[in-house]
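Notes to accompany the following structure.
The values are calculated or read from the model by the stated rules, or taken from the named source; none is laboratory data. Model, not experiment: these values are computed from the prediction. Cβ sites come from the backbone with ideal geometry, for glycine too, and all protein chains shown count toward neighbours. Accessible surface areas use protein heavy atoms only, side chains included; no ligands, DNA or RNA. Shrake-Rupley method; radii C 1.70, N 1.55, O 1.52, S 1.80 Å.
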Amino acid sequence: MLTREDNDILCRVEGDAPMGQLMRRHWAPLCLSEEVAEPDGAPVRARLFGEDLVVFRDTDGKLGVLDEYCPHRRVSLALGRNEECGLRCLYHGWKMDVEGNVVEMTSEPAESGLTEKVKQKAYPAREAGGFVWTYMGPAAEMPAFEPPAFAPTPACNVSILKIHVKANWAQVMEGQIDSAHSSSLHSSDMVPARVDGAKADQKTWLRPSTDRAPRYQSERTDFGFRYVAIRRPIQNANTHDYLRVTVYVAPFVALIPPNNAYNVTTVLGPTDDHSTAFYFIAWNDAAKPGVDTAMWRSFNKATPGIDLDAEFRNTRTRENGYMQNRMAMKLGDFTGIPGIPNQDIAMWETMGPIVDRSRERLGASDFAVVEFRNMMVEAAKRVRDGGPALGTKERQTPFAKISSYEGIVPKATNWRTLSVAGDDGASKERVA
(Lines give C-alpha, C1' and ligand atoms only; values in the text may rest on other atoms or scores of the structure.)
Protein backbone atom coordinates (compact mmCIF):
# COMPACT_ATOMS: atom_id res chain seq x y z
CA MET A 1 0.00 0.00 0.00
CA LEU A 2 1.34 3.43 -0.96
CA THR A 3 0.49 6.83 0.45
CA ARG A 4 -1.24 9.13 -2.00
CA GLU A 5 1.89 11.27 -2.13
CA ASP A 6 4.10 8.33 -3.09
CA ASN A 7 1.44 7.11 -5.51
CA ASP A 8 1.68 10.44 -7.34
CA ILE A 9 5.47 10.16 -7.40
CA LEU A 10 5.21 6.67 -8.89
CA CYS A 11 2.62 7.56 -11.52
CA ARG A 12 3.03 11.14 -12.71
CA VAL A 13 5.26 11.60 -15.76
CA GLU A 14 4.29 14.98 -17.18
CA GLY A 15 6.20 18.26 -16.85
CA ASP A 16 8.56 18.43 -13.90
CA ALA A 17 7.22 15.28 -12.21
CA PRO A 18 10.19 13.37 -10.73
CA MET A 19 9.28 10.08 -12.46
CA GLY A 20 8.99 11.82 -15.81
CA GLN A 21 12.34 13.47 -15.25
CA LEU A 22 13.87 10.06 -14.46
CA MET A 23 12.40 8.63 -17.65
CA ARG A 24 13.61 11.53 -19.78
CA ARG A 25 17.17 10.57 -18.91
CA HIS A 26 16.73 7.29 -20.81
CA TRP A 27 16.25 6.56 -24.49
CA ALA A 28 12.47 6.08 -24.66
CA PRO A 29 10.29 4.16 -27.14
CA LEU A 30 8.34 6.63 -29.27
CA CYS A 31 6.71 4.60 -32.06
CA LEU A 32 7.22 1.57 -34.27
CA SER A 33 9.64 1.77 -37.18
CA GLU A 34 6.86 0.44 -39.41
CA GLU A 35 4.83 3.58 -38.70
CA VAL A 36 7.46 5.77 -40.38
CA ALA A 37 8.98 3.26 -42.79
CA GLU A 38 8.63 5.35 -45.95
CA PRO A 39 10.96 8.29 -46.78
CA ASP A 40 8.78 11.34 -47.44
CA GLY A 41 5.83 9.33 -46.10
CA ALA A 42 3.03 10.58 -43.88
CA PRO A 43 4.22 12.08 -40.57
CA VAL A 44 3.03 10.29 -37.43
CA ARG A 45 1.64 11.91 -34.32
CA ALA A 46 3.16 10.63 -31.09
CA ARG A 47 2.86 11.62 -27.45
CA LEU A 48 5.37 10.93 -24.68
CA PHE A 49 5.49 12.25 -21.11
CA GLY A 50 2.60 14.60 -21.96
CA GLU A 51 4.35 16.19 -24.95
CA ASP A 52 2.75 16.13 -28.40
CA LEU A 53 5.33 15.18 -31.02
CA VAL A 54 5.52 14.40 -34.72
CA VAL A 55 7.80 11.74 -36.19
CA PHE A 56 8.86 11.56 -39.84
CA ARG A 57 11.45 10.01 -42.13
CA ASP A 58 12.90 12.53 -44.56
CA THR A 59 13.94 12.14 -48.19
CA ASP A 60 17.35 10.78 -47.19
CA GLY A 61 15.88 8.32 -44.68
CA LYS A 62 16.80 10.36 -41.59
CA LEU A 63 14.35 10.30 -38.68
CA GLY A 64 13.01 13.51 -37.21
CA VAL A 65 11.22 14.00 -33.88
CA LEU A 66 9.74 17.48 -33.52
CA ASP A 67 7.28 19.36 -31.34
CA GLU A 68 4.02 18.67 -33.16
CA TYR A 69 3.05 22.32 -33.43
CA CYS A 70 4.54 24.74 -35.94
CA PRO A 71 6.54 27.52 -34.23
CA HIS A 72 4.70 30.10 -36.35
CA ARG A 73 1.00 29.78 -35.49
CA ARG A 74 0.95 26.40 -33.70
CA VAL A 75 -0.69 24.36 -36.47
CA SER A 76 -0.15 20.58 -36.31
CA LEU A 77 2.82 19.49 -38.39
CA ALA A 78 1.30 16.00 -38.59
CA LEU A 79 -0.76 17.43 -41.46
CA GLY A 80 2.35 18.82 -43.15
CA ARG A 81 4.09 17.91 -46.39
CA ASN A 82 7.09 15.63 -45.94
CA GLU A 83 9.28 16.62 -48.87
CA GLU A 84 12.82 17.52 -49.92
CA CYS A 85 14.40 16.75 -46.53
CA GLY A 86 11.95 18.62 -44.39
CA LEU A 87 8.44 18.88 -42.98
CA ARG A 88 6.47 21.78 -44.43
CA CYS A 89 3.56 23.33 -42.53
CA LEU A 90 0.43 23.64 -44.68
CA TYR A 91 -0.64 26.98 -43.22
CA HIS A 92 2.12 29.31 -44.40
CA GLY A 93 4.75 26.96 -45.84
CA TRP A 94 7.34 27.09 -43.07
CA LYS A 95 9.62 24.08 -43.40
CA MET A 96 11.63 22.31 -40.65
CA ASP A 97 14.40 19.73 -41.04
CA VAL A 98 15.01 16.75 -38.72
CA GLU A 99 17.13 18.90 -36.38
CA GLY A 100 14.44 21.55 -36.01
CA ASN A 101 16.09 24.13 -38.23
CA VAL A 102 13.59 26.32 -40.07
CA VAL A 103 15.02 26.03 -43.58
CA GLU A 104 12.27 27.88 -45.48
CA MET A 105 9.71 30.60 -44.70
CA THR A 106 7.83 31.11 -47.93
CA SER A 107 5.53 33.69 -46.29
CA GLU A 108 8.42 35.90 -45.10
CA PRO A 109 10.73 38.20 -47.10
CA ALA A 110 14.21 36.72 -47.46
CA GLU A 111 15.83 39.82 -46.02
CA SER A 112 13.96 39.45 -42.73
CA GLY A 113 16.48 36.88 -41.46
CA LEU A 114 13.73 35.26 -39.41
CA THR A 115 14.79 31.71 -40.35
CA GLU A 116 17.98 32.20 -38.34
CA LYS A 117 16.08 33.40 -35.28
CA VAL A 118 13.54 30.58 -35.02
CA LYS A 119 14.16 26.91 -34.25
CA GLN A 120 11.62 24.17 -33.67
CA LYS A 121 12.04 21.94 -30.62
CA ALA A 122 13.64 18.71 -31.84
CA TYR A 123 14.78 15.54 -30.13
CA PRO A 124 17.40 13.02 -31.28
CA ALA A 125 16.19 9.73 -32.72
CA ARG A 126 17.67 6.25 -33.04
CA GLU A 127 16.27 3.07 -34.55
CA ALA A 128 16.66 -0.46 -33.18
CA GLY A 129 14.58 -3.55 -32.48
CA GLY A 130 11.64 -2.35 -34.57
CA PHE A 131 11.32 0.93 -32.63
CA VAL A 132 12.08 4.60 -33.01
CA TRP A 133 13.71 5.72 -29.74
CA THR A 134 14.17 9.29 -28.60
CA TYR A 135 15.95 11.13 -25.80
CA MET A 136 14.06 14.02 -24.15
CA GLY A 137 16.28 14.83 -21.17
CA PRO A 138 19.12 17.27 -20.54
CA ALA A 139 21.59 17.18 -23.43
CA ALA A 140 24.56 17.02 -21.05
CA GLU A 141 23.20 13.79 -19.52
CA MET A 142 22.33 11.95 -22.75
CA PRO A 143 23.66 8.37 -22.52
CA ALA A 144 25.13 6.54 -25.47
CA PHE A 145 22.44 4.62 -27.34
CA GLU A 146 22.48 0.83 -26.95
CA PRO A 147 20.32 -1.69 -28.79
CA PRO A 148 17.67 -2.97 -26.37
CA ALA A 149 17.99 -6.26 -24.51
CA PHE A 150 15.33 -7.84 -26.76
CA ALA A 151 17.32 -7.09 -29.93
CA PRO A 152 20.99 -7.49 -28.97
CA THR A 153 22.02 -7.93 -32.62
CA PRO A 154 20.49 -6.72 -35.92
CA ALA A 155 20.02 -10.36 -36.93
CA CYS A 156 17.34 -10.93 -34.28
CA ASN A 157 13.78 -11.39 -35.54
CA VAL A 158 11.42 -9.08 -33.64
CA SER A 159 7.61 -9.20 -33.85
CA ILE A 160 5.72 -6.42 -32.08
CA LEU A 161 2.11 -5.60 -31.35
CA LYS A 162 1.08 -2.15 -30.17
CA ILE A 163 -2.03 -1.09 -28.25
CA HIS A 164 -2.85 2.26 -26.65
CA VAL A 165 -4.03 1.71 -23.08
CA LYS A 166 -6.17 4.09 -21.02
CA ALA A 167 -4.21 3.58 -17.84
CA ASN A 168 -1.11 4.95 -16.16
CA TRP A 169 2.26 3.38 -16.98
CA ALA A 170 2.77 1.96 -13.46
CA GLN A 171 -0.45 -0.09 -13.63
CA VAL A 172 0.72 -1.58 -16.89
CA MET A 173 4.25 -2.32 -15.68
CA GLU A 174 2.97 -3.92 -12.50
CA GLY A 175 1.05 -6.32 -14.72
CA GLN A 176 4.28 -7.30 -16.49
CA ILE A 177 6.15 -8.16 -13.31
CA ASP A 178 3.25 -9.90 -11.55
CA SER A 179 3.91 -13.59 -12.13
CA ALA A 180 1.00 -14.79 -9.98
CA HIS A 181 -1.84 -13.38 -12.07
CA SER A 182 -1.10 -15.53 -15.10
CA SER A 183 -2.35 -18.67 -13.33
CA SER A 184 -5.81 -17.08 -13.06
CA LEU A 185 -6.31 -14.34 -15.66
CA HIS A 186 -4.52 -16.19 -18.47
CA SER A 187 -5.38 -19.73 -17.37
CA SER A 188 -7.23 -20.53 -20.60
CA ASP A 189 -4.18 -19.49 -22.65
CA MET A 190 -1.35 -20.69 -20.37
CA VAL A 191 -2.23 -24.32 -19.74
CA PRO A 192 -0.48 -26.77 -17.35
CA ALA A 193 0.97 -29.79 -19.15
CA ARG A 194 3.46 -32.60 -18.65
CA VAL A 195 6.23 -30.88 -20.59
CA ASP A 196 9.88 -30.19 -19.76
CA GLY A 197 9.55 -26.39 -20.04
CA ALA A 198 7.31 -23.65 -21.40
CA LYS A 199 6.03 -24.44 -24.89
CA ALA A 200 4.10 -22.42 -27.46
CA ASP A 201 1.91 -23.40 -30.37
CA GLN A 202 -0.52 -21.36 -32.46
CA LYS A 203 -3.29 -21.58 -29.85
CA THR A 204 -1.81 -21.85 -26.35
CA TRP A 205 1.23 -21.61 -24.14
CA LEU A 206 1.98 -24.75 -22.12
CA ARG A 207 3.57 -24.72 -18.66
CA PRO A 208 5.08 -27.60 -16.65
CA SER A 209 3.33 -26.65 -13.40
CA THR A 210 -0.11 -26.48 -11.77
CA ASP A 211 1.22 -24.40 -8.86
CA ARG A 212 -0.83 -21.18 -8.51
CA ALA A 213 0.94 -19.83 -5.41
CA PRO A 214 4.66 -19.51 -6.18
CA ARG A 215 7.35 -18.49 -3.72
CA TYR A 216 9.38 -15.38 -4.54
CA GLN A 217 12.89 -14.00 -4.20
CA SER A 218 14.27 -10.79 -5.69
CA GLU A 219 17.53 -8.97 -6.30
CA ARG A 220 18.11 -5.33 -7.15
CA THR A 221 20.58 -4.61 -9.94
CA ASP A 222 22.28 -1.65 -11.57
CA PHE A 223 19.61 -1.71 -14.31
CA GLY A 224 16.51 -2.33 -12.16
CA PHE A 225 15.68 -5.62 -10.49
CA ARG A 226 14.93 -9.25 -11.18
CA TYR A 227 12.93 -11.81 -9.29
CA VAL A 228 12.14 -15.49 -9.41
CA ALA A 229 8.78 -17.20 -9.02
CA ILE A 230 9.44 -20.71 -7.70
CA ARG A 231 6.75 -23.30 -8.48
CA ARG A 232 6.36 -27.04 -8.03
CA PRO A 233 6.77 -28.76 -11.39
CA ILE A 234 4.35 -31.45 -12.46
CA GLN A 235 7.22 -33.92 -12.84
CA ASN A 236 10.03 -34.54 -10.29
CA ALA A 237 8.54 -32.15 -7.74
CA ASN A 238 10.53 -33.70 -4.86
CA THR A 239 13.92 -32.94 -6.40
CA HIS A 240 13.30 -30.03 -8.79
CA ASP A 241 11.75 -26.56 -8.94
CA TYR A 242 10.15 -24.77 -11.85
CA LEU A 243 11.73 -21.31 -12.01
CA ARG A 244 10.47 -18.26 -13.89
CA VAL A 245 12.86 -15.31 -13.66
CA THR A 246 11.38 -11.97 -14.71
CA VAL A 247 13.66 -8.97 -15.24
CA TYR A 248 12.73 -5.30 -14.99
CA VAL A 249 15.07 -3.06 -17.00
CA ALA A 250 14.08 0.36 -15.67
CA PRO A 251 12.09 2.22 -16.62
CA PHE A 252 10.41 0.91 -19.78
CA VAL A 253 11.24 -2.79 -20.34
CA ALA A 254 10.19 -6.07 -18.74
CA LEU A 255 11.79 -9.32 -19.89
CA ILE A 256 9.20 -12.04 -19.47
CA PRO A 257 10.18 -15.73 -19.10
CA PRO A 258 10.36 -17.29 -22.58
CA ASN A 259 9.12 -20.46 -24.24
CA ASN A 260 10.65 -22.92 -26.68
CA ALA A 261 9.66 -20.93 -29.79
CA TYR A 262 10.48 -17.31 -28.89
CA ASN A 263 11.46 -14.92 -26.14
CA VAL A 264 8.91 -12.48 -24.70
CA THR A 265 9.31 -8.83 -23.78
CA THR A 266 7.09 -5.87 -23.02
CA VAL A 267 7.97 -2.23 -23.59
CA LEU A 268 6.00 0.80 -22.37
CA GLY A 269 5.82 4.31 -23.74
CA PRO A 270 4.27 6.52 -21.01
CA THR A 271 2.01 8.74 -23.12
CA ASP A 272 0.96 10.99 -20.26
CA ASP A 273 -0.25 10.62 -16.68
CA HIS A 274 -3.35 8.70 -17.73
CA SER A 275 -2.40 6.63 -20.77
CA THR A 276 0.34 4.34 -22.07
CA ALA A 277 1.53 2.86 -25.35
CA PHE A 278 1.88 -0.87 -24.69
CA TYR A 279 4.16 -3.00 -26.86
CA PHE A 280 4.15 -6.81 -26.57
CA ILE A 281 7.11 -8.45 -28.26
CA ALA A 282 8.15 -11.90 -29.41
CA TRP A 283 11.77 -12.14 -30.53
CA ASN A 284 14.29 -14.79 -31.38
CA ASP A 285 17.76 -15.41 -32.70
CA ALA A 286 18.81 -18.42 -34.77
CA ALA A 287 18.41 -20.76 -31.75
CA LYS A 288 14.60 -20.58 -31.85
CA PRO A 289 12.05 -20.77 -34.68
CA GLY A 290 10.27 -17.55 -33.75
CA VAL A 291 6.93 -16.18 -34.93
CA ASP A 292 6.25 -13.58 -37.63
CA THR A 293 4.49 -10.29 -36.92
CA ALA A 294 1.16 -11.16 -38.54
CA MET A 295 0.91 -14.44 -36.63
CA TRP A 296 1.96 -12.81 -33.35
CA ARG A 297 -0.72 -10.15 -33.66
CA SER A 298 -3.33 -12.71 -34.67
CA PHE A 299 -2.44 -15.01 -31.75
CA ASN A 300 -2.89 -12.10 -29.33
CA LYS A 301 -6.04 -10.71 -31.02
CA ALA A 302 -4.28 -7.42 -31.74
CA THR A 303 -4.34 -7.07 -35.52
CA PRO A 304 -4.86 -3.53 -36.90
CA GLY A 305 -7.99 -3.40 -39.03
CA ILE A 306 -9.55 -6.33 -37.15
CA ASP A 307 -8.97 -5.92 -33.41
CA LEU A 308 -7.49 -2.42 -33.49
CA ASP A 309 -8.03 0.70 -35.56
CA ALA A 310 -5.33 2.20 -37.79
CA GLU A 311 -3.87 4.09 -34.80
CA PHE A 312 -3.54 0.95 -32.63
CA ARG A 313 -6.57 1.74 -30.47
CA ASN A 314 -8.50 -1.27 -29.21
CA THR A 315 -12.00 -2.08 -30.44
CA ARG A 316 -12.49 -3.82 -27.07
CA THR A 317 -13.12 -1.07 -24.54
CA ARG A 318 -14.49 -0.57 -21.06
CA GLU A 319 -17.62 0.90 -22.64
CA ASN A 320 -18.43 -2.30 -24.54
CA GLY A 321 -17.29 -4.60 -21.74
CA TYR A 322 -14.23 -5.65 -23.76
CA MET A 323 -16.66 -7.71 -25.88
CA GLN A 324 -16.64 -10.31 -23.12
CA ASN A 325 -18.35 -13.54 -24.14
CA ARG A 326 -20.28 -14.96 -21.18
CA MET A 327 -21.31 -18.05 -23.12
CA ALA A 328 -17.65 -18.86 -23.76
CA MET A 329 -17.08 -18.52 -20.01
CA LYS A 330 -19.81 -21.06 -19.32
CA LEU A 331 -18.13 -23.40 -21.78
CA GLY A 332 -14.79 -23.17 -19.97
CA ASP A 333 -13.01 -19.99 -21.09
CA PHE A 334 -11.93 -18.30 -17.84
CA THR A 335 -12.33 -14.63 -18.87
CA GLY A 336 -14.45 -14.65 -22.02
CA ILE A 337 -11.98 -12.11 -23.43
CA PRO A 338 -9.77 -13.39 -26.27
CA GLY A 339 -6.09 -12.50 -26.37
CA ILE A 340 -3.59 -12.29 -23.52
CA PRO A 341 -3.00 -8.51 -23.87
CA ASN A 342 -6.75 -7.81 -24.00
CA GLN A 343 -7.26 -9.71 -20.75
CA ASP A 344 -4.53 -7.62 -19.12
CA ILE A 345 -5.85 -4.35 -20.53
CA ALA A 346 -9.31 -5.04 -19.11
CA MET A 347 -7.70 -5.29 -15.66
CA TRP A 348 -5.50 -2.20 -16.02
CA GLU A 349 -8.18 0.08 -17.44
CA THR A 350 -10.95 -0.90 -15.02
CA MET A 351 -8.74 0.22 -12.13
CA GLY A 352 -9.22 3.76 -13.45
CA PRO A 353 -6.59 5.95 -15.15
CA ILE A 354 -4.55 6.13 -11.90
CA VAL A 355 -5.46 3.58 -9.25
CA ASP A 356 -5.63 4.75 -5.63
CA ARG A 357 -3.05 2.42 -4.12
CA SER A 358 -3.78 3.68 -0.59
CA ARG A 359 -6.99 1.59 -0.70
CA GLU A 360 -5.41 -1.75 -1.70
CA ARG A 361 -5.09 -4.87 0.42
CA LEU A 362 -1.90 -6.61 -0.71
CA GLY A 363 -0.85 -10.22 -0.15
CA ALA A 364 2.17 -12.48 -0.53
CA SER A 365 1.58 -12.77 -4.28
CA ASP A 366 2.25 -9.03 -4.63
CA PHE A 367 5.90 -9.46 -3.66
CA ALA A 368 7.36 -8.24 -6.97
CA VAL A 369 4.85 -5.41 -7.30
CA VAL A 370 5.85 -4.06 -3.89
CA GLU A 371 9.54 -4.30 -4.81
CA PHE A 372 8.87 -2.40 -8.06
CA ARG A 373 6.97 0.36 -6.26
CA ASN A 374 9.54 0.81 -3.52
CA MET A 375 12.43 0.90 -5.95
CA MET A 376 10.85 3.33 -8.41
CA VAL A 377 9.53 5.73 -5.76
CA GLU A 378 13.00 5.83 -4.21
CA ALA A 379 14.56 6.34 -7.65
CA ALA A 380 12.20 9.20 -8.55
CA LYS A 381 12.84 10.93 -5.24
CA ARG A 382 16.58 10.65 -5.88
CA VAL A 383 16.19 12.43 -9.23
CA ARG A 384 13.97 15.05 -7.58
CA ASP A 385 16.73 15.67 -5.04
CA GLY A 386 19.42 16.08 -7.70
CA GLY A 387 20.78 12.53 -7.89
CA PRO A 388 21.35 10.31 -10.95
CA ALA A 389 18.55 8.42 -12.65
CA LEU A 390 18.31 4.69 -11.98
CA GLY A 391 19.92 2.68 -14.77
CA THR A 392 22.02 5.50 -16.21
CA LYS A 393 25.35 6.61 -14.71
CA GLU A 394 25.57 3.71 -12.28
CA ARG A 395 24.68 0.99 -14.77
CA GLN A 396 27.61 -1.26 -15.71
CA THR A 397 25.68 -4.20 -17.17
CA PRO A 398 25.25 -3.97 -20.97
CA PHE A 399 21.70 -4.56 -22.18
CA ALA A 400 22.95 -7.43 -24.35
CA LYS A 401 23.91 -9.39 -21.20
CA ILE A 402 20.49 -9.12 -19.54
CA SER A 403 17.94 -11.87 -19.98
CA SER A 404 15.03 -13.63 -18.33
CA TYR A 405 14.80 -17.36 -17.72
CA GLU A 406 12.42 -20.27 -17.26
CA GLY A 407 13.14 -23.92 -16.64
CA ILE A 408 12.94 -26.96 -14.38
CA VAL A 409 16.14 -27.18 -12.35
CA PRO A 410 17.48 -29.09 -9.31
CA LYS A 411 16.38 -27.52 -6.06
CA ALA A 412 19.92 -26.46 -5.13
CA THR A 413 20.26 -24.25 -8.24
CA ASN A 414 21.10 -20.59 -7.60
CA TRP A 415 18.53 -18.73 -9.73
CA ARG A 416 20.68 -15.57 -9.74
CA THR A 417 23.12 -17.25 -12.12
CA LEU A 418 20.42 -17.91 -14.72
CA SER A 419 19.43 -14.49 -16.05
CA VAL A 420 22.49 -12.24 -16.47
CA ALA A 421 25.51 -13.18 -18.54
CA GLY A 422 28.98 -13.20 -17.03
CA ASP A 423 31.84 -10.95 -18.03
CA ASP A 424 32.57 -13.16 -21.02
CA GLY A 425 29.10 -12.47 -22.38
CA ALA A 426 27.98 -16.09 -22.17
CA SER A 427 24.74 -16.70 -20.28
CA LYS A 428 23.28 -19.97 -19.09
CA GLU A 429 20.60 -19.54 -21.73
CA ARG A 430 20.37 -16.45 -23.93
CA VAL A 431 16.70 -15.52 -23.46
CA ALA A 432 14.61 -12.46 -22.93
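Rundown of residues vs (1) open to solvent by less than 80 Å² (accessible area, probe 1.4 Å); (2) at pLDDT 95 or above; (3) under 24 Å from ASN259 (Cα atoms); (4) under 22 Å from the mean Cα position of the chain (by Cα), yes/no style:
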position	(1), (2), (3), (4)
ALA287	no, no, yes, no
LEU308	yes, yes, no, yes
ALA346	yes, yes, no, yes
ALA364	no, no, no, no
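Filtered by the rule that a residue be open to solvent by 40 Å² or more (accessible area, probe 1.4 Å) and either among the small types (Gly, Ala, Ser) or in a loop (DSSP other than H, G, I, E, B) (or both), region 1-54 gives MET1, THR3, ARG12, GLU14, GLY15, ASP16, ALA37, GLU38, PRO39, ASP40, ALA42. Which residues, counting only those in region 245-261, are out of contact with any helix residue (DSSP H, G or I) (no Cβ under 8 Å at 6 or more places or on another chain) and crowded, with 24+ Cβ neighbours inside 10 Å? Hits for region 245-261 are VAL247, VAL253, LEU255, PRO257, PRO258. Please work out if VAL191 is assigned to a strand (DSSP E or B) and under 19 Å from ASN260 (Cβ atoms). In short, yes.
In summary, ASP222 fulfils each of the numbered conditions (1) out of contact with any helix residue (DSSP H, G or I) (no Cβ under 6 Å at 6 or more places or on another chain); (2) in a strand (DSSP E or B) with the single exception of condition (2).
Within region 182-192, does at least one residue satisfy the condition of being crowded, with 18+ Cβ neighbours inside 10 Å and in contact with a Pro (Cβ under 8 Å, 6 or more places away or on another chain)? No, every residue in region 182-192 fails to be crowded, with 18+ Cβ neighbours inside 10 Å and in contact with a Pro (Cβ under 8 Å, 6 or more places away or on another chain).
Here the condition is being in a loop (DSSP other than H, G, I, E, B), surrounded by fewer than 20 Cβ atoms within 10 Å (Cβ to Cβ) and not aromatic (Phe, Trp, Tyr); of PRO148, PRO143, it holds for PRO143 alone. Determine if region 88-99 includes at least one residue that is of a type in the set (Asp, Glu) and open to solvent by 40 Å² or more (accessible area, probe 1.4 Å). Yes, region 88-99 contains at least one residue that is of a type in the set (Asp, Glu) and open to solvent by 40 Å² or more (accessible area, probe 1.4 Å). With respect to VAL355, determine if the residue is in contact (Cβ under 8 Å) with a residue 12 or more places away in the chain, within 27 Å of GLY20 (Cβ to Cβ) and not in a loop (DSSP other than H, G, I, E, B). Considered against the rule, which asks whether it is in contact (Cβ under 8 Å) with a residue 12 or more places away in the chain, within 27 Å of GLY20 (Cβ to Cβ) and not in a loop (DSSP other than H, G, I, E, B), VAL355 comes out as no. Listed conditions (1) in contact with a Gly (Cβ under 6 Å, 6 or more places away or on another chain); (2) in a loop (DSSP other than H, G, I, E, B); (3) within 24 Å of ALA42 (Cα to Cα); (4) not acidic (Asp, Glu) are all met by LYS301, apart from (3).
Within region 138-174, can you find the residues that are touching a residue at least 24 places away in the same chain (Cβ under 8 Å), over 17 Å from LEU32 (Cβ atoms) and of a type in the set (Gly, Ala, Ser)? Residues satisfying the conditions are ALA149, ALA155, ALA167, ALA170. Any residue at all in region 370-383 that's part of a loop (DSSP other than H, G, I, E, B) and not hydroxyl-bearing (Ser, Thr, Tyr)? No, because not a single residue in region 370-383 is part of a loop (DSSP other than H, G, I, E, B) and not hydroxyl-bearing (Ser, Thr, Tyr).
Number of residues in region 268-321 that are among the β-branched types (Val, Ile, Thr), out of contact with any Pro (no Cβ under 8 Å at 6 or more places or on another chain) and under 30 Å from ILE9 (Cβ atoms) equals 3.
For the residues THR335, THR276, THR271, the requirement of being in a loop (DSSP other than H, G, I, E, B), modelled with pLDDT of 95 or more and either among the polar types (S, T, N, Q) or within 17 Å of the chain's Cα centre (by Cα) (or both) singles out THR335.
Flag: SER218 matches the condition of being open to solvent by 30 Å² or more (accessible area, probe 1.4 Å), under 23 Å from the mean Cα position of the chain (by Cα) and within 19 Å of GLY407 (Cα to Cα). Just to verify a result, which residue in region 102-127, among those that are assigned to a strand (DSSP E or B) and in contact (Cβ under 8 Å) with a residue 24 or more places away in the chain, is nearest to SER33 (Cα to Cα)? The selected residue is GLU127.
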